[in-house]
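The values are calculated or read from the model by the stated rules, or taken from the named source; none is laboratory data. Bear in mind that the values here come from a model prediction, so they are computed numbers and not experimental data. Virtual Cβ from ideal backbone geometry, glycine too; neighbours counted across all protein chains shown.
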Amino acid sequence: MAALEKGLAVIECFDAAHDKLTIAEVARATGLTRAAARRCLLTLTKIGYASFDGKFFTLTPRVLRLGHAWLASAALPQLVQPFLERLSEETHESSSASLLDGHEIVYIARSAQRRIMSVGLSVGTRLPASCTSMGRVLLAARDPADARARILAGKPRALTPHTVTDPDRLAEILAGVQAQGYCIVDQELELGLISIAMPLMNARGEVVAAFNLSGQVQRSSAAEMAERFLPGMRQLQALLRPLIS
């Protein structure tokens, strides 16, 4: 099982900014010895999860099987997708749902009306929890000490001039989110982007995911988003609550 843990750590060290890695780079990223990193990479190459050009290792599309296995077996993405599509059609804005994974959110469903960010968003996309509306909704549902630990683990950095990175200020924001039941993030993730998010709860009142609507500040201010979209989002939240286990 230790070998499996090492192999998964090696897979996870590849990302958009590090699509090609040497053995030494994988060893540094994972904390493994060069020998252990080499064994993992060669094994992944042998079973088709990685390729090697003589210097660099890259992941292959076979890795998508790991994520697809969860998507195919998990009920939540399939359950929320048609609701997001209806919400998106009614509001003419893009809608998404996500889960909290460490200090990041992971998109599990999405209905896009138009491209709203400079980078494409899709199922599997990861974004910092501390500066996203869905991330703050999910962090606000955690114990404050746990939420703070996740924020610090993510090493918050300013993505725009509006990004809040101070842990104490973020703690205040999360308390407000928890009290009001929704979150609006205005140009903290990307300039021009504004989003509003709410939690998705199960019948026991436990927060299991979050969903949002995202748009451009040229079309809606924070106050306008709350006025226009909260009623429909609360309705969706209520409709899904008895359906989520």
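So, Ala223, is that one small (Gly, Ala, Ser), exposed (fewer than 13 other Cβ atoms within 10 Å of the Cβ) and not in a loop (DSSP other than H, G, I, E, B) or not? It is true that Ala223 is small (Gly, Ala, Ser), exposed (fewer than 13 other Cβ atoms within 10 Å of the Cβ) and not in a loop (DSSP other than H, G, I, E, B).
Is it true that Ala203 is among the aliphatic types (A, V, I, L, M), assigned by TED's automatic domain parsing to the domain that holds Gln81 and modelled with pLDDT under 95?
Working: among the aliphatic types (A, V, I, L, M): yes; assigned by TED's automatic domain parsing to the domain that holds Gln81: yes; modelled with pLDDT under 95: yes.
When the stated conditions are applied, Ala203 passes them.
Tally time: how many residues in the stretch 179-193 are farther than 14 Å from Gly135 by Cα and either touching a strand residue (DSSP E or B) at 6+ places or on another chain (Cβ under 8 Å) or not assigned by TED's automatic domain parsing to the domain that holds Ser95 (or both)?
Taking the stretch 179-193 and keeping what is farther than 14 Å from Gly135 by Cα, we get 179-180, 187, 190-193.
Still in the list and also either touching a strand residue (DSSP E or B) at 6+ places or on another chain (Cβ under 8 Å) or not assigned by TED's automatic domain parsing to the domain that holds Ser95 (or both): 187, 192-193.
Residues in the stretch 179-193 being farther than 14 Å from Gly135 by Cα and either touching a strand residue (DSSP E or B) at 6+ places or on another chain (Cβ under 8 Å) or not assigned by TED's automatic domain parsing to the domain that holds Ser95 (or both): 3 in total.
Consider Arg204 carefully, then state whether it is without any contact (Cβ under 8 Å) to a residue 40 or more places away in the chain, surrounded by 13 or more Cβ atoms within 10 Å (Cβ to Cβ) and not in a strand (DSSP E or B). For Arg204, the condition - without any contact (Cβ under 8 Å) to a residue 40 or more places away in the chain, surrounded by 13 or more Cβ atoms within 10 Å (Cβ to Cβ) and not in a strand (DSSP E or B) - is not met.
Kindly establish whether Thr91 is in contact with a strand residue (DSSP E or B) (Cβ under 7 Å, 6 or more places away or on another chain), among the β-branched types (Val, Ile, Thr) and modelled with pLDDT of 95 or more. So Thr91 fails the test. The listed residues are Ala29, Ala75, and the only one of them that is surrounded by fewer than 18 Cβ atoms within 10 Å (Cβ to Cβ), of a type in the set (A, V, I, L, M, F, W, C) and more than 30 Å from Asn202 (Cβ to Cβ) turns out to be Ala29.
Yes or no, residue by residue, for (1) assigned to a helix (DSSP H, G or I); (2) surrounded by 17 or more Cβ atoms within 10 Å (Cβ to Cβ); (3) modelled with pLDDT of 95 or more:
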site	(1), (2), (3)
Arg169	yes, no, yes
Leu213	no, yes, yes
Gln218	no, no, no
Glu227	yes, no, no
Met233	yes, yes, yes
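Taken across the stretch 131-147, residues that are crowded, with 21+ Cβ neighbours inside 10 Å and assigned to a loop (DSSP other than H, G, I, E, B) do occur, with at least one present.
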